[in-house]
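Contents: one structure, followed by commentary.
The values are calculated or read from the model by the stated rules, or taken from the named source; none is laboratory data. Nothing here was measured: the structure is a model prediction, and the numbers come from that model. Cβ placement follows ideal geometry from the backbone for every residue including glycine, while neighbour counts extend to all protein chains displayed.
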Amino acid sequence: MLQLHTSTSEHDQVVETMITLTHLSNLNRAIVAGDGSTELYLALRRRGLVLVGLHSAFRLRKAACAVGLITVRDSLAAFEAALAQVAPSLGTTATIAVLIKSGESGFALKIRKALERIGFRIEAGVRCQQGLVMSAHRRGYAQLDRAA
């Protein structure tokens, strides 16, 4: 019984960290993808965030979301698949948070490079009991899009 409480508090810590890093509020639309996305979605809904959806159920127009939340274990391919599911729904000034559950050295750097390739700049990284939560913001992407 005590172990269940501990894992719940660990999960709460990750959810709170992701909310804090992305400044997610009831006014923001958010999309969730990756390993454990259903649990993350349910935890966000329990906190009263109603404009949150799973990538599989999202039927909004493109660039409608201000926040993207991704969880990933140790597969770069799985991360890139989740990122491909989330990216079309993110606005030009969106923020993204990634929970990296892998202990592999260099994996966070690979994720950072993948985010930078699509116009995100890493802003923060916080170590939690379940892994590393990294946040990135898409700055100036609207001006780059207009210039191209």
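Given the condition out of contact with any strand residue (DSSP E or B) (no Cβ under 7 Å at 6 or more places or on another chain), at pLDDT 90 or above and part of a loop (DSSP other than H, G, I, E, B), answer yes or no: does some residue in the stretch 29-47 qualify?
yes
Only residues that are touching a His at 6+ places or on another chain (Cβ under 9 Å) and crowded, with 16+ Cβ neighbours inside 10 Å: list them for the stretch 73-112, please. Outline the logic, then answer.
Just the residues of the stretch 73-112 that are touching a His at 6+ places or on another chain (Cβ under 9 Å), to begin with: 82, 85-86, 89, 93-96.
Once the filter is applied, which keeps residues that are touching a His at 6+ places or on another chain (Cβ under 9 Å) and crowded, with 16+ Cβ neighbours inside 10 Å, the stretch 73-112 yields ALA82, GLN85, VAL86, SER89, ALA94, THR95, ILE96.
Regarding ILE96, is this residue touching a strand residue (DSSP E or B) at 6+ places or on another chain (Cβ under 6 Å), closer than 27 Å to LEU27 by Cβ and free of Cβ contacts under 8 Å to residues at least 24 places away in the same chain? Full working, then the answer.
On the way: touching a strand residue (DSSP E or B) at 6+ places or on another chain (Cβ under 6 Å): yes; closer than 27 Å to LEU27 by Cβ: yes; free of Cβ contacts under 8 Å to residues at least 24 places away in the same chain: no.
It is false that ILE96 is touching a strand residue (DSSP E or B) at 6+ places or on another chain (Cβ under 6 Å), closer than 27 Å to LEU27 by Cβ and free of Cβ contacts under 8 Å to residues at least 24 places away in the same chain.
So the check is Cβ under 6 Å with 6+ separation or different chains; which pairs have a first residue in the stretch 111-132 that's among the small types (Gly, Ala, Ser) and a second one that's in a helix (DSSP H, G or I)?
GLY119/TYR141; ALA124/LEU21
What is the one condition in (1) touching a Cys at 6+ places or on another chain (Cβ under 6 Å); (2) modelled with pLDDT of 90 or more that GLN13 does not satisfy?
Failing condition for GLN13: (2).
Say we look at the stretch 16-28 and pick out the residues that are assigned to a helix (DSSP H, G or I) and touching a Leu at 6+ places or on another chain (Cβ under 9 Å); which of these is farthest from VAL67 (Cα to Cα)?
Of everything passing the filter in the stretch 16-28, THR17 is farthest from VAL67 (Cα to Cα).
Can you tell me which residue is modelled with the lowest pLDDT among those in the stretch 49-107 that are in a helix (DSSP H, G or I) and hydroxyl-bearing (Ser, Thr, Tyr)?
Residue satisfying both the conditions and the ranking: SER56.
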